[in-house]
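Comments concern the structure below.
The values are calculated or read from the model by the stated rules, or taken from the named source; none is laboratory data. Worth saying up front: this structure is predicted, and the values here are computed from it rather than measured. Positions of Cβ are generated from backbone atoms using ideal geometry, with glycine treated the same way; all protein chains shown enter the neighbour counts. Only protein heavy atoms, including side chains, enter the accessible area calculation; ligands, DNA and RNA are left aside. Shrake-Rupley method; radii C 1.70, N 1.55, O 1.52, S 1.80 Å.
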Amino acid sequence: MNSVQIAGIITEYNPLHSGHVHLMEQVRRRLGPECGVICVMSGDFVQRGDFALVGKYARAEAAVRSGADLVIELSLPWAVSSAERFADGGVQTLLATGVVTHLAFGSECGDAGALMRVAQVLESRDFSHRLRARLSDGVSFAAARQAAAAELTADAALLGQPNNVLGIEYCRSILRHGADLTVLTLPREGAPHDGALVEGVHPSASAIRALVEEGKREQALSWMAPAMAQAYRQEEEAGRAPVLGQRCERAILARLRTMTEAEYAALDEGREGLYRRLYEAGHTAAAVEQVLETAKTKRYAYARLRRMVLWAYLGLTPGDCPPAPPYLRPLAANESGRQILAEMRERARVPVLTRAGSVRRLDARAQALFVLESRAADLYSLAYPDLREAQGGRAWKDGPVMI
């Protein structure tokens, strides 16, 4: 595998659809049919602060059956963080494999050079001064960032589109770590992020999730990639899908009502006083959506509040996010993926855990992270349709799906 190029894709596949499959196909078209594809994928919880529709092993298997060679889990604290931290966790995980040569992703602009130029601006000292000045105007962080960047680059408008933003964050992480990764971005095709479903156009994952939540099962399945639809049906038959956060609403509210103000403060990374609004809402509201609506202001993104609530439920704090991956955890692989894994055992910067019990031989930080991820897996299973499937401790028993 040493002479073969290997592309890394940072993703959630919540759920996997034709647009995701198209990206993997295009990567091989650009880099050659022998190119390896490693996906770093969120586990049971996702970046918008929600439960994944289907468990991580089912989604990872669907990804391998749809074009990926190997799927590695993005550690929980990164998976449920801001776009900046999510991107950095994904890039660091790819770097830790020791084998990835390219970072591939879709973007609205499809221009790697433009995204890197904006990333360089955002990393500059001049930008940080201008950003602080804009934030003092009381506008949202996103608006302040774009306005400050517009003073330094003609490409600042790229910050107004979600996939461009994530791509810029990938580029920032590459710059920070001095990473030897070639950026390969392809124009995003299909419905925009959170866009409506249109026949003959790649869908958005959020629109598919909305169909599931509305009870339109067959429609939702028809928009998933075939392997994803099959995995969904299998999980559904087993009583483990769809996984919807509403099933844990009382548990989440119970957690919010019993937390102290100091515990809320620990979730507020910006130290901007947002935790006080969340504390008051969490102790009075009778629904999670009511908590979010009560705490929200124009300055704070809704997704940020959702993540804070999820962190509260999972018992996470910003301090739980490691500076770098302490281990790599494969979720699924095909024959080529197993060859990549063999190479990773020689070249990876951190241990590769194909057996959960092996974490006991690692340092205290690695073990603490695994315990957090195991607890999160137990809490995730409480949202299964069939509670008989929600036995605890599965994270210590489950291993990667080998195809």
Report the net charge of residues surrounding Glu289, where surrounding means a beta-carbon distance below 11 angstrom and charges are Lys +1, Arg +1, Asp -1, Glu -1. 0
Electrostatic dipole magnitude of segment 357-403 [Cβ: Lys, Arg +1; Asp, Glu -1; Cα centre; debye, to 20]: 200 debye
Pick from Asp386, Asp88, Asp137 the residue whose mean-square fluctuation is largest in a GNM of the chain, springs joining Cα atoms under 10 Å. Asp137
What is the list of residues in segment 117-139 whose amide nitrogen lies under 16 Å from a point 7 angstrom out from the Cα of Arg299, following Cα to Cβ? 131-139
Just how large is the dipole of the chain about the Cα centre, in debye to the nearest 20, putting +1 at every Lys and Arg Cβ and -1 at every Asp and Glu Cβ? 700 debye
In segment 1-70, what % of DSSP beta bridges are antiparallel (nearest 5)? 20 percent
Scoring only Lys, Arg, Asp and Glu (+1, +1, -1, -1) among other residues with Cβ under 13 Å from the Cβ of Ala114 yields -2
How high is the relative contact order of segment 196-325, in percent, with contacts defined as C-alpha pairs under 8 Å that are six or more residues apart? 18 percent
Loop-located trypsin sites (Lys or Arg not before Pro) in segment 218-275 whose Cβ has at most 11 other Cβ within 10 Å (DSSP): Arg271
So what is the relative contact order for the chain, in percent, with contacts set as C-alpha pairs under 8 Å and at least six apart? 23 percent
Find how many whole Å separate the alpha carbon centroid of segment 144-172 from the alpha carbon centroid of segment 47-70. 28 Å
Return the carbon/sulfur percentage of the accessible area of the chain, one whole number, probe 1.4 Å, all protein chains in place. 48 percent
Only Cα pairs under 8 Å and at least 6 apart count here; give the relative contact order of segment 258-353 as a rounded whole percent. 21 percent
Mean shadow area of segment 116-191 over all directions, Cα convex hull, nm²: 5.6 nm²
At R0 = 22 Å, how high is the FRET efficiency between Lys216 and Glu237 if r is their beta carbon distance? Nearest 0.05 is fine. 0.70
Give the accessible surface of the chain per residue, rounded to a whole number of Å², with probe radius 1.4 Å and ligands, DNA and RNA excluded. 43 Å²
Take the Cα coordinates of the chain, assign each an equal point scatterer, and use the Debye formula without solvent to give log10 I(q)/I(0) at q = 0.08 Å⁻¹. -0.41
Given 10 °C and 1.306 mPa s, compute D for segment 246-362 with the Stokes-Einstein relation, Rh being the Kirkwood radius over Cα pairs; round to the nearest whole µm²/s. 94 µm²/s
Segment 175-324 - charge dipole about Cα centre, Lys and Arg +1 at Cβ, Asp and Glu -1, debye rounded to 20: 340 debye
